[in-house]
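Here is the structure we will look at, set down as structure tokens.
A short reminder: the numbers here are calculations on the coordinates, not readings from a lab. What you are looking at is a predicted structure, and each value in this text was computed from that prediction instead of being measured. When we count neighbours, we look across all protein chains shown, and the Cβ atoms used for this are built from the backbone with ideal geometry, even at glycine.
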Ligand SMILES: Cc1cc2nc3c(=O)[nH]c(=O)nc-3n(C[C@H](O)[C@H](O)[C@H](O)COP(=O)(O)OP(=O)(O)OC[C@H]3O[C@@H](n4cnc5c(N)ncnc54)[C@H](O)[C@@H]3O)c2cc1C
């Protein structure tokens, strides 16, 4: 076993293709316990630079240090309560270094998984009497799946709302699960929006446009009792940087304040890039 392979401490248990360029990967530690984590935290995944790239990715220049394990952060999508595997929701960045290699992984392959998980993008500092509004584009939904799978209790006074944006309906990962939760739990509202409805092969009956447009149209208030006011709500933003900037502007204009470790607020932001 080469030194590099010896470091690969986890096994791919499942690989679900959501759409071309979007996968849900489940990994289990090989011979060690998954550490406890707070929903919203991230793990670090790694795979050797010598590993092949997925066929649908850009060619890469020769790597200076091909033997080195390439490591990147990924939000955990699985429940911290069930804790039977670690689930990650990953988008292919065709020009990227690691994702083209992760997309070539198959069930049974080994990979490197960080032995502990970190991050402050959690419900930890949200008082239990505050409602929670989870806004994301693309794989920015991952931390929210972990939060809902771990913390959502149907019919509690605390309301959760998820607004998720993607280009196409087929890129809306976890849609079936979220639609089911929305139907079963009166205190959960799920709104999905697509930004390229003209490319849908069949008519799309849901929301269209960018998240910020959905927000400004008042869709959340129209479809639920959720008011999204700074007095009783904490908002989370994760995903595309321009969505984050625009939504943070709109929300701070409404009286929300960005949460920082030493300066608590009710607007929580996770930046992937
Ligand atoms: C805390 C944290 C959590 C993260 N969680 C997730 C997650 O749950 N799922 C996920 O897919 N990614 C997540 N990321 C992003 C991830 O760590 C990598 O940056 C991403 O997978 C690209 O890696 P790469 O090596 O293929 O590309 P790189 O070679 O590292 O990057 C190439 C360029 O691609 C761009 N880029 C990075 N991420 C994206 C993206 N998602 N979409 C479009 N362009 C991008 C950036 O401009 C970057 O400079 C997270 C990042 C952070 C910091």
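Quick look at the numbers
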{"quantity": "Three semi-axes of the equivalent ellipsoid, region 123-273, Cα gyration tensor, whole Å, largest first", "calculated": "23, 18, 14"}
{"quantity": "Contour minus Cα-Cα distance for residue 221 and residue 208 (0.36 nm per residue)", "calculated": "3.0 nm"}
{"quantity": "20 Å reach of a label modelled at residue 252, 7 Å along Cα-to-Cβ, counting backbone N of region 211-241", "calculated": "211-213, 215-216, 229-241"}
{"quantity": "Theoretical FRET efficiency, 1/(1+(r/R0)^6), r = Cβ-Cβ of residue 13 and residue 54, R0 25 Å, to 0.05", "calculated": "0.80"}
{"quantity": "Cα point-scatterer Debye curve for the chain, base-10 log of I(q)/I(0) at q = 0.12 Å⁻¹", "calculated": "-0.76"}
{"quantity": "Two-site label geometry, residue 109 and residue 271: point separation in nm, points 7 Å out along Cα→Cβ", "calculated": "3.1 nm"}
{"quantity": "Gaussian network model of the chain, springs between alpha carbon atoms under 10 Å - residue of 248, 82, 186 with greatest fluctuation", "calculated": "82"}
{"quantity": "Cα-projected label distance for residue 180 with residue 32, points at 7 Å along beta-carbon direction, nm", "calculated": "3.3 nm"}
{"quantity": "Length-normalised contact order for the chain - Cα pairs under 8 Å, 6+ apart - percent", "calculated": "17 percent"}
{"quantity": "CD proxy at 222 nm, helix term only [per DSSP H run n ≥ 4: -39500 (n - 2.57); per residue of the chain; nearest 500]", "calculated": "-5000 deg cm²/dmol"}
{"quantity": "Mean separation of Cα contacts under 8 Å, 6 or more apart, over the residue count of region 115-171: relative contact order %", "calculated": "46 percent"}
{"quantity": "Rel. contact order, % - alpha carbon contacts under 8 angstrom, at least six apart, region 117-239", "calculated": "33 percent"}
{"quantity": "Measure of compaction for region 213-273 (Cα Rg per 2.2 N^0.38 Å)", "calculated": "1.13"}
{"quantity": "Percent of beta bridges antiparallel (DSSP, region 159-273, rounded to nearest 5)", "calculated": "5 percent"}
{"quantity": "Computed log₁₀ I(q)/I(0) - Debye formula, equal Cα scatterers, no solvent, region 1-107, q 0.19 Å⁻¹", "calculated": "-1.03"}
{"quantity": "Quarter of Cα convex hull surface for region 50-132, i.e. mean projection, nm²", "calculated": "7.8 nm²"}
